[in-house]
Amino acid sequence: QVQLVESGGGLVQPGGSLQLSCGASGIILRFATMGWYRQAPGRQRELVASITSGGTTTYRESVKGRFTISRNNAKNLVSLQMNSLKPEDTAVYYCNTSPSVSTYWGQGTQVTVSS
């Protein structure tokens, strides 16, 4: 059974930074294309960033240059470093494979960007 657990969210002022982490059991992340997704209130869940097994990264246009996705194979973790945060980044952030698997969704971690 695959379990993905997100952590690292919180309340941050505009311009601030946060690092999210995704820990996994039941799946070896380095063999999968992994993604970070987010869902803001009243909006559909969207893919923010992804990283392939070979390390190729892709980003949503709105986060390019501000967010960095990475993986720690030894710890079976995928991280999302978020800098220069904006109020529009406020959302619940989730990790999943890309494309996503419906049964892999975890609880997510709330990121709130507000002064």
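Residues in the stretch 73-86 that are open to solvent by 50 Å² or more (accessible area, probe 1.4 Å) and out of contact with any Ser or Thr (no Cβ under 7 Å at 6 or more places or on another chain): 73, 74, 75, 84, 86. All of (1) open to solvent by less than 60 Å² (accessible area, probe 1.4 Å); (2) under 20 Å from residue 4 (Cα atoms); (3) among the charged types (D, E, K, R) hold for residue 89 with one exception: (2). Here the condition is being open to solvent by 60 Å² or more (accessible area, probe 1.4 Å), of a type in the set (Val, Ile, Thr), touching a residue at least 12 places away in the same chain (Cβ under 8 Å) and in contact with a strand residue (DSSP E or B) (Cβ under 6 Å, 6 or more places away or on another chain); of 103, 68, 112, it holds for 68 alone.
Is it the case that some residue within the stretch 31-40 is among the charged types (D, E, K, R) and more than 14 Å from the chain's Cα centre (by Cα)? No, there is no match, as no residue in the stretch 31-40 is among the charged types (D, E, K, R) and more than 14 Å from the chain's Cα centre (by Cα). Can you pull out the residues in the stretch 44-65 that are touching a residue at least 40 places away in the same chain (Cβ under 8 Å) and either more than 23 Å from residue 2 (Cβ to Cβ) or basic (Lys, Arg) (or both)? Residue satisfying the conditions is 45 alone.
The values are calculated or read from the model by the stated rules, or taken from the named source; none is laboratory data. What you see is a predicted model; the values in this text were computed from it and never measured. Note that we place each Cβ from the backbone using ideal geometry, even for glycine, and neighbour counts take in every protein chain shown. With ligands, DNA and RNA removed, areas are computed over all heavy atoms of the protein, side chains included. Shrake-Rupley method; radii C 1.70, N 1.55, O 1.52, S 1.80 Å.
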